[in-house]
Amino acid sequence: MKTETLTSAPATSSEPKDEQFERFLYQMLLIRRFEERTGEMYTKGKVRGFLHLYIGEEACAVGSISALRPQDKLITHYRDHGHAIARGIAPQRIMAELFGRVDGTSKGRGGSMHIFDKQANFYGGHAIVGGHMPVAVGLGLAAKMQGQDSVTMCVFGDGGVAEGEFHESLNLSSLWKTPNIWFLENNGYGMGLPLAKSVANEIYRLAEAYRIPSVRVDGMDVVGVHEVTEKALEHCRTGEGPYFIEAMTYRYRGHSMADAELYRQKSEVEEFRKRDPIERLKARMLQEDMITDRDYDELVARVEEEVAQAIQFADASAQPGLDTLYDGIYKENANG
Amino acid sequence: MAEMRMRDALHDALREEMLRDERVFLMGEDIGGYGGSYAVTRGLQTEFGPERVRDTPIAESGILGAGIGAALGGLRPMVEIMTINFSFVGIDQIINNASKFSYMSGGQFNVPIVIRMASGGGSQLGATHSHSLEGMYAHFPGLKVVCPSNAADAKGLLKRAFRDENPVIFIEHAALYGTKGEVPDDPDFLIEFGKASVLQEGTDVTVIGYSGSVHQAIRAAKLLEEQEELSAEVIDLRTLRPLDIETVVQSVKKTNRAVIVEDDWRFGGFGAELSAQIMERAFDWLDAPVARVSGKDVPMPYNRNLEFAALPSEEDVVEAVLAML
Ligand SMILES: Cc1ncc(C[n+]2csc(CCOP(=O)(O)OP(=O)(O)O)c2C)c(N)n1
Ligand SMILES: [Mg+2]
């Protein structure tokens with residue numbers, strides 16, 4: 001079992017590096033702008049319920065999910081817009097879901113915390129902390145039992161680590177050697193509770209205790225996250241069982257829109273902003289002559305347009321008919 | 001037809017479904033090497049191997065969730081929860097994942113899982129090991145709840161459960177495993193969900209039970225006939241969700257009286273729901289308020305006499321009928 005601490009490393013995929021980096025940059029910008037505008041839509045009352053923004057953590061979703069193949073499966077927690085976008089689900093369908101409309105991913109039945117998309121092998125959006133982790137084991141088990149070349153990645157937060165389901169899931173996946181990537185977004189807090197009051201050991205070491213190879217990575221570095229996820233995927237594909245990634249990250253905004261942020265200093269947020277994943281990749285790409293300032297501005301403009309279009313789409317989408325209230329509780333059986 | 005115990009009927013249903021559909025597999029605590037706590041799965045691991053009959057750690061949340069994930073991943077899992085009492089430890093998986101995946105995803109996903117559990121009191125196992133929770137599970141939209149009272153129904157309903165696209169909570173009263181009955185051996189013997197069975201026709205009162213309480217209802221009907229010359233119609237609900245209220249209402253319109261028998265606690269129990277539905281649909285036909293004969297409102301005591309007093313008996317049913325005449 002190896003435990004290593006990775007920082008930024010070159011990407012290994014066959015795609016030309018500059019194209020790949022540009023895609024990372026575009027997706028991170030898209031997620032950030034999507035989240036900023038979603039926050040505005042919440043203030044306007046267009047988006048309701050609990051809303052958890054992903055701003056600051058973009059490198060986690062983009063770096064890891066870009067390493068997955070279409071046949072791989074993804075299941076995540078409620079802070080899920082970033083994962084959905086990185087998985088290629090159209091932002092307009094996600095926005096329509098946040099607006100509660102018929103063109104939303106769940107036709108308005110799920111909301112922000114419950115984004116699902118079967119076609120993208122996106123198994124939710126789960127709002128019970130830790131509750132989706134055993135489901136990931138089962139998805140992995142099913143692939144293994146059917147001899148499918150498919151890996152299931154499960155994303156969760158540091159708060160979930162204190163739940164029993166984290167431990168049951170790691171134990172089961174290790175015992176049964178299921179093809180599972182456990183991807184921890186360690187943003188230092190579960191709501192207002194700092195990690196030190198939540199988990200008694202460093203988290204990647206808990207995975208080691210279950211004999212799962214475990215890596216801690218800088219979650220503000222999209223390239224590093226991508227590289228370790230590729231490695232994890234390879235490991236899972238060879239039938240060696242699960243792999244654990246702890247990505248150290250930070251959320252700039254409150255836990256949800258209803259957070260007075262009494263538990264942290266503004267200066268702490270500022271400190272992390274200096275390591276901003278978007279700024280960091282941009283700086284590197286400029287320095288390595290992969291883009292120019294003008295290219296960057298064009299990306300920003302494209303993203304602005306795409307998000308504006310998503311909002312328009314969502315706003316124009318119809319409210320679900322009241323006659324559809326009961327639709328989808330049960331799937332109809334072929335033979336009645 | 002062959003006479004067999006309910007445990008063997010369940011065993012045969014599992015075996016036949018595994019032979020019919022290679023996606024079917026079983027998971028649970030001690031279902032393999034040990035043969036199952038109630039011996040339902042005995043021999044199946046030897047026949048189908050440790051992958052399709054998987055012994056799991058004692059981790060109810062983990063294995064229920066893994067079953068749900070496996071169902072989403074294209075398989076047809078059966079998860080055995082040793083007894084219904086332990087389902088509390090994993091109930092979030094059933095309620096928040098199994099029952100809601102379809103609705104929350106706008107119908108994109110469905111969870112074809114069968115969750116079997118033994119239930120009921122009467123064996124002096126004390127308060128933690130004697131729950132009857134059929135009604136609690138029936139509370140949740142998105143689940144189907146099946147609770148057979150005899151060997152033939154157990155087989156036909158369990159086979160039917162594996163052909164459902166939705167999560168099925170399959171509850172087996174532990175006291176019934178050894179009871180015998182005639183069971184069809186046709187591998188396509190299925191019993192539809194949502195169809196109550198009228199076990200005995202009668203004219204003076206309708207006595208309704210499910211799972212174990214069907215037997216108190218049958219014995220009470222016999223006592224009523226022998227001692228009071230009263231004719232009771234006995235209905236076995238077989239599934240609580242979907243609920244065959246139609247058969248119940250038709251019967252009550254004929255007998256004008258209804259008694260519900262259940263092991264579960266009376267307060268907020270399934271009998272309260274059923275009683276309300278009868279009242280809503282057949283109020284004008286009722287000659288007396290619907291009566292409930294339920295478990296007493298106490299954690300189950302260990303002492304034999306106390307436990308007996310806490311559970312509904314056929315005498316309680318007779319008393320309830322006489323009180324409404
Ligand atoms: C079982 C459960 N308990 C409590 C909550 C309320 N809650 C929602 S999010 C959250 C914090 C989770 O933190 P973490 O897992 O670190 O994710 P993050 O919000 O930091 O991304 C809590 C306590 C919940 N949703 N589910
Ligand atoms: Mg956190």
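Quick notes
- Any pair with Cβ under 8 angstrom, 6 or more apart, that starts in region A:194-212 at a residue that is on the phi < 0 side of the Ramachandran plot and away from ligand 1 (no atom under 12 Å from the Cβ) and ends at one that is of a type in the set (Ser, Thr, Tyr) and not in a helix (DSSP H, G or I): A:TYR204/A:THR3; A:TYR204/A:SER214; A:ARG205/A:THR3; A:ARG205/A:SER214; A:ALA207/A:SER214; A:GLU208/A:THR3; A:GLU208/A:SER214; A:ILE212/A:TYR243
- Of everything listed in (1) more than 15 Å from ligand 2 (Cβ to nearest atom); (2) farther than 19 Å from B:GLY69 by Cα, the single unmet condition for A:ASP149 is (2).
- Applying the condition of being within 28 Å of A:LEU195 (Cβ to Cβ) and among the small types (Gly, Ala, Ser) to region A:142-166 and asking which residue is nearest to the other protein chains (Cβ to nearest Cβ) yields A:GLY164.
The rows are residues; the columns are (1) closer than 18 Å to A:GLY39 by Cβ; (2) within 14 Å of chain B (Cβ to nearest Cβ).
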| position | (1), (2) |
| --- | --- |
| A:ILE278 | yes, no |
| A:LYS282 | no, no |
| A:ASP293 | no, no |
| A:ALA301 | no, no |
| A:ALA310 | yes, no |
| A:ALA314 | yes, no |
| A:PRO320 | no, yes |
| A:TYR330 | no, yes |
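- Extreme residue, nearest to the other protein chains (Cβ to nearest Cβ), among residues of region A:167-188 that are within 15 Å of ligand 1 (Cβ to nearest atom) and either surrounded by fewer than 21 Cβ atoms within 10 Å (Cβ to Cβ) or free of Cβ contacts under 8 Å to residues at least 12 places away in the same chain (or both): A:HIS167
- Being modelled with pLDDT of 95 or more and within 16 Å of ligand 2 (Cβ to nearest atom) holds for only one residue in A:GLY88, A:GLY130, A:GLY124, and it is A:GLY130.
- First in region A:127-141 and more than 13 Å from B:ILE94 (Cβ to Cβ) and at the interface with chain B (Cβ under 7 Å from one of its Cβ atoms), second anywhere and assigned to a loop (DSSP other than H, G, I, E, B) and more than 11 Å from ligand 1 (Cβ to nearest atom), Cβ under 6 Å, 6 or more apart: A:VAL137/A:THR178; A:LEU139/B:GLY73; A:LEU141/A:THR178
- Of the residues A:GLY124, A:GLY111, the single one that is within 14 Å of chain B (Cβ to nearest Cβ), surrounded by fewer than 24 Cβ atoms within 10 Å (Cβ to Cβ) and either more than 18 Å from the chain's Cα centre (by Cα) or farther than 23 Å from A:ARG216 by Cα (or both) is A:GLY111.
- Residues that are part of a loop (DSSP other than H, G, I, E, B) and away from every other protein chain (no Cβ under 14 Å), drawn from region B:33-65: B:GLY33, B:TYR34, B:GLY35, B:GLY36, B:SER37, B:TYR38, B:ALA39, B:VAL40, B:THR41, B:ARG42, B:GLY43
- Selection count where residues are within 21 Å of A:THR43 (Cα to Cα) and either in a helix (DSSP H, G or I) or more than 16 Å from ligand 1 (Cβ to nearest atom) (or both), scope region A:78-108: 15
- Residues of region A:109-126 classified as without any contact (Cβ under 8 Å) to a residue 60 or more places away in the chain, part of a loop (DSSP other than H, G, I, E, B) and among the hydrophobic types (A, V, I, L, M, F, W, C), total: 3
- Taking region A:152-259 as the region of interest, the helices (runs of 4 or more DSSP H) fully inside it that hold 2 or more residues being closer than 17 Å to A:ALA59 by Cβ are A:222-237.
- Qualifying residue in region A:87-105 (condition: touching a residue at least 60 places away in the same chain (Cβ under 8 Å), at the interface with chain B (Cβ under 8 Å from one of its Cβ atoms) and not hydroxyl-bearing (Ser, Thr, Tyr)): yes
So that you can scan it fast, the table gives a plain yes or no per residue for (1) touching a residue at least 24 places away in the same chain (Cβ under 8 Å); (2) over 24 Å from B:ILE191 (Cα atoms):
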position	(1), (2)
B:GLU233	yes, no
B:GLU246	no, no
B:ARG257	yes, yes
B:ILE260	yes, no
B:GLY269	yes, yes
B:ALA282	yes, yes
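- Subset of region A:189-218 that is within 23 Å of A:LEU53 (Cα to Cα) and within 11 Å of ligand 2 (Cβ to nearest atom) - its residue that is surrounded by the most Cβ atoms within 10 Å (Cβ to Cβ): A:TYR189
Residues checked against (1) part of a helix (DSSP H, G or I); (2) among the β-branched types (Val, Ile, Thr); (3) out of contact with any strand residue (DSSP E or B) (no Cβ under 9 Å at 6 or more places or on another chain):
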{"site": "A:SER14", "(1), (2), (3)": "no, no, yes"}
{"site": "A:GLU22", "(1), (2), (3)": "yes, no, yes"}
{"site": "A:MET28", "(1), (2), (3)": "yes, no, yes"}
{"site": "A:ARG48", "(1), (2), (3)": "no, no, yes"}
{"site": "A:LEU51", "(1), (2), (3)": "no, no, yes"}
{"site": "A:SER64", "(1), (2), (3)": "yes, no, no"}
{"site": "A:THR76", "(1), (2), (3)": "no, yes, no"}
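- Within this structure, A:ARG284 fails the test of being in a loop (DSSP other than H, G, I, E, B) and surrounded by 11 or more Cβ atoms within 10 Å (Cβ to Cβ).
Matching residues to (1) surrounded by fewer than 23 Cβ atoms within 10 Å (Cβ to Cβ); (2) touching a strand residue (DSSP E or B) at 6+ places or on another chain (Cβ under 8 Å); (3) not in a loop (DSSP other than H, G, I, E, B):
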site	(1), (2), (3)
B:VAL79	no, yes, yes
B:VAL89	yes, no, yes
B:GLN108	yes, yes, no
B:GLN124	yes, no, no
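- Going through (1) free of Cβ contacts under 8 Å to residues at least 24 places away in the same chain; (2) among the hydroxyl-bearing types (Ser, Thr, Tyr); (3) surrounded by 24 or more Cβ atoms within 10 Å (Cβ to Cβ) one by one, B:SER132 falls short only on (1).
- Flag if A:TYR250 is hydroxyl-bearing (Ser, Thr, Tyr) and closer than 17 Å to A:MET28 by Cβ: yes
The values are calculated or read from the model by the stated rules, or taken from the named source; none is laboratory data. These numbers were taken from a predicted model, which means no experiment stands behind them. Neighbour counts are summed over all protein chains in view; Cβ atoms, including those assigned to glycine, are modelled from backbone coordinates with ideal geometry.
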